[in-house]
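J.: Pasting a structure below so you can have a look.
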Amino acid sequence: MTRYTIGTNNEYKTRDLHEAAFLYAKGKKLLRLEGGGREFWFVFDEADGCEVLANSYWANEVEVLAKSYADSLRTLKDRVFSRKAE
């Protein structure tokens, strides 16, 4: 898990698909995918909010609706696999 700031943008990025799906299910805005090949980074807006949620995720202290999480996971997998096909 990595947090970084670029210029005036406050972005959060992670390589972990399940963490990214959780953030997406909680309504965090996915800005883009970075990388290619075998390694992708999911880049989200609002680093501070994402970091708080990610820490809670890894501490197993949060809840998410199962259908929202499953839909988010499927969406992110589709994005990754469509990028690999390019």
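Coordinate-derived values only; no laboratory data. Worth saying up front: this structure is predicted, and the values here are computed from it rather than measured. All Cβ positions, even for glycine, are placed from backbone atoms using ideal geometry, and neighbour counts span all protein chains on display.
J.: Evaluate 2.2 N^0.38 Å with N set to the residue count of the chain, then give the Cα radius of gyration divided by it. Kindly include the intermediate steps, with their values, before the conclusion.
T.: Working: Rg = 12.5 Å, N = 86, 2.2 N^0.38 = 12.0 Å.
My calculation over the Cα atoms of the chain gives 1.05.
J.: Straight distance only, please: which aspartates and glutamates reach the Cα of LYS67 with their own Cα at less than 20 Å, same-chain residues fewer than 8 apart left out?
T.: ASP16, GLU19, ASP78
J.: Now for a separate question. What nm distance separates the two modelled labels at LEU65 and LEU31, each placed 7 Å from Cα along Cα→Cβ?
T.: Simple spin-label model gives 2.7 nm for this pair.
J.: What list do you get for TYR24, TYR12 if you sort them by fewest beta carbons within 10 Å?
T.: Values: TYR24 20, TYR12 25.
By the 10 Å Cβ count, ascending, the order reads TYR24, TYR12.
J.: About the Cα centre of the stretch 13-86, what is the dipole size in debye to 20, counting +1 per Lys and Arg Cβ and -1 per Asp and Glu Cβ, all else neutral?
T.: On the way: 13 positive and 13 negative charges, 83 e Å.
The calculated dipole for the stretch 13-86 is roughly 400 debye.
J.: For the chain, what is the calculated [θ] at 222 nm in deg cm²/dmol (nearest 500), taking -39500 (n - 2.57) for each run of four or more DSSP H residues and dividing by its residue count? Write out the running numbers ahead of the final one.
T.: Values: 3 runs with 41 residues, N = 86.
Helix-only estimate at 222 nm: -15500 deg cm²/dmol.
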